[in-house]
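The values are calculated or read from the model by the stated rules, or taken from the named source; none is laboratory data. Computed from a predicted model, the values in this text were never measured in an experiment. Note: ideal-geometry Cβ built from the backbone for every residue, glycine included; neighbour counts use all protein chains shown. We work out accessible area using only protein heavy atoms, side chains counted, and drop any ligands, DNA or RNA first. Shrake-Rupley method; radii C 1.70, N 1.55, O 1.52, S 1.80 Å.
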Amino acid sequence: MKNYLHAVLTLLLLFGVSWVPATSRAASGGPEPLSGQWKGPLKVPGGTLDLILTVVPLTGGTYYAALDVPKQRVSRMPVEMALTNSDVLLKIEQAGSRFTGKLSKDRKSMTGIWEQPGLKQEVKFVQGAAPVVSAPTFKPAQPYKTEQVIITNEKTDLCLGATITTPNGNGPFPAVVLVSDSGPQDRDAALQEDYRMFAILADYLARHGMVVLRYDDRGVGKSGGKYAAATTADLMTDAEAAMNYLRSRPRIDKKNVGMIGHGEGANIALLAAAEPKGPDFVVSLAGYGMPGRDVLRRQQVEIMRMIGGNATQVDAALKLHDKMINIIRQTPNSNQARGKLAAMIRMSNVDIDPTMARARAAQLVSPWYRYYLDFDPKVKLPAVKCPVLALNGVEDLQVAATKNLATLSKGLKAGGNRHVKTVKIAGVNHIFQPDESQWPLVNGEQQPNFSPKALALMQTWLEENAKPGPILKTPRSNPKPDVKKVSKPTAQN
């Protein structure tokens, strides 16, 4: 039963790595938009699963929504969300899962029925105390300091809110930009309750003598712009602006500024490294070497196998997947493509709301999605000449470690790059968490942490390729940021 639930909750639709904007029908001038993390216990045979829903308000009155299930090692599963007055609908099509409920009058909880194959239970989601988009920061403390800055992407005239963590001392220090995975995220990459991936990395690296810059993605926190309108290539210009900003700073080793990217962010870092005056080194975390459409197809096969699908079912799912991909790639007119996709979505799922079907179809022909389908990392990899470390987790259900690392290694070395190292890390998932049994105890409760093995591998490699300063203090394996209580910021245009 455990494996079955794992599979169902891991099912990422036909397009698993994408982000899905939710729609809000609240009238202009109405209540504050929903935001933050909402946690609800789901009773299942043999125990309880904590469902964590992340809601980030975006420009134009839309939302980004994703689901985490820590016990099942599921992270950032795209969720379709519709909010009409106090009625809330969450839907995961291919898993046959949905939540239908009501928002409380104080807008701090939502109660309703969670349905999935073989299970129907009442769930109450309660909003966490701290909003995801509040850009939590660490207390100024030895051996580093933090600074809040605004970066300008001169290519787009776009402003990005960021945090710089600088070790104490005169320097010059090597420096690194952290680049997030697909979907709009805040500067700390707050993926789950008490797990801020980039905040952990910034703390660890600063304690090892490196300056670290992390920034809010477009349309989130203190950053302007609209995420949905950007392609991977557009997002690369944001990372380049952050890198150039670091090179202009005092106490920075100007010839030793790199990028550490996660998921799509890893491929953004490698794209930047193929450009003139790119990063001086790259660390790829869960980066992919296969074309986007191949990554999606492989995911579909693995997902169907996990839920026990037979050969006929797997074949049927792949045929539907391929038909939808072909429509997107062969129909340049987005209006026509949306109509065809919406009709196909409704035919394959007769219970889906027509509004949701149209919203899903619109997302599948967005500039980001079209670019992702045809983006092939191999084309640019031979142009990358700087040192590259690529780490992927064996338990990653979104980016298969063996296939993608092999493709990355081959592509990078094809251009004569001799400074390439790839490592598969056992027991680590897509967001670099080890097995839950290895999480540290904080105040008597286990807290998610970044894989200590991955951190050690990264640090050893950086000492050889980025030449960071001396270790200033024994690093904490799972730092807990000090969250300042501030009013909820809204996305900027």
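Quick notes on this one:
- Those residues of the stretch 100-124 which are part of a strand (DSSP E or B) and either touching a helix residue (DSSP H, G or I) at 6+ places or on another chain (Cβ under 8 Å) or among the hydrophobic types (A, V, I, L, M, F, W, C) (or both), in sequence order: L103, M110, I113, W114, Q116, L119, V123
- Scanning the stretch 126-157 for residues that are modelled with pLDDT of 95 or more and of a type in the set (A, V, I, L, M) turns up V149, I150, I151.
- Some residue of the stretch 256-279 being under 12 Å from I151 (Cα atoms), open to solvent by less than 20 Å² (accessible area, probe 1.4 Å), modelled with pLDDT of 95 or more and in contact with a Leu (Cβ under 8 Å, 6 or more places away or on another chain): no
- Screening K222 with (1) in contact with a helix residue (DSSP H, G or I) (Cβ under 6 Å, 6 or more places away or on another chain); (2) in a loop (DSSP other than H, G, I, E, B) gives one miss only, at (1).
- Of the residues making up the stretch 434-464, those that are in contact (Cβ under 8 Å) with a residue 60 or more places away in the chain and on the phi > 0 side of the Ramachandran plot number 0.
- Qualifying residue in the stretch 227-248 (condition: buried (at least 23 other Cβ atoms within 10 Å of the Cβ), at pLDDT below 95 and part of a helix (DSSP H, G or I)): yes
- Here G265 meets each of (1) closer than 22 Å to Y215 by Cβ; (2) in contact (Cβ under 8 Å) with a residue 40 or more places away in the chain; (3) assigned to a loop (DSSP other than H, G, I, E, B) with one exception, condition (3).
- Residues (over 28 Å from the mean Cα position of the chain (by Cα), of a type outside the set (S, T, N, Q) and open to solvent by 60 Å² or more (accessible area, probe 1.4 Å)) located in the stretch 326-345: K340
- Failed criterion for L318 (all others in (1) touching a residue at least 12 places away in the same chain (Cβ under 8 Å); (2) more than 24 Å from the chain's Cα centre (by Cα); (3) within 29 Å of L270 (Cα to Cα) hold): (3)
- Here the stretch 203-226 is the region considered, the condition is being among the hydroxyl-bearing types (S, T, Y) and modelled with pLDDT under 95, and the residue that is nearest to T165 (Cα to Cα) is Y204.
- Test for R346: is it at pLDDT below 90 and either part of a helix (DSSP H, G or I) or over 23 Å from P276 (Cα atoms) (or both): yes
- Residues in the stretch 362-407 that are open to solvent by 30 Å² or more (accessible area, probe 1.4 Å) and closer than 21 Å to G278 by Cβ: Y371, D376, K378, V379, K380, P382, A383, K385.
- Taking the stretch 370-401 as the range and being under 25 Å from F432 (Cα atoms) and of a type in the set (S, T, Y) as the test, only Y372 passes.
- Out of V295, V283, sole residue that is at pLDDT below 95 and hydrophobic (A, V, I, L, M, F, W, C): V295
- Those residues of the stretch 364-392 which are at pLDDT 95 or above and touching a Phe, Trp or Tyr at 6+ places or on another chain (Cβ under 7 Å), in sequence order: C386, P387, L389
- Failed condition for W461, given (1) farther than 30 Å from D253 by Cβ; (2) modelled with pLDDT of 90 or more; (3) outside any loop (DSSP other than H, G, I, E, B): (1)
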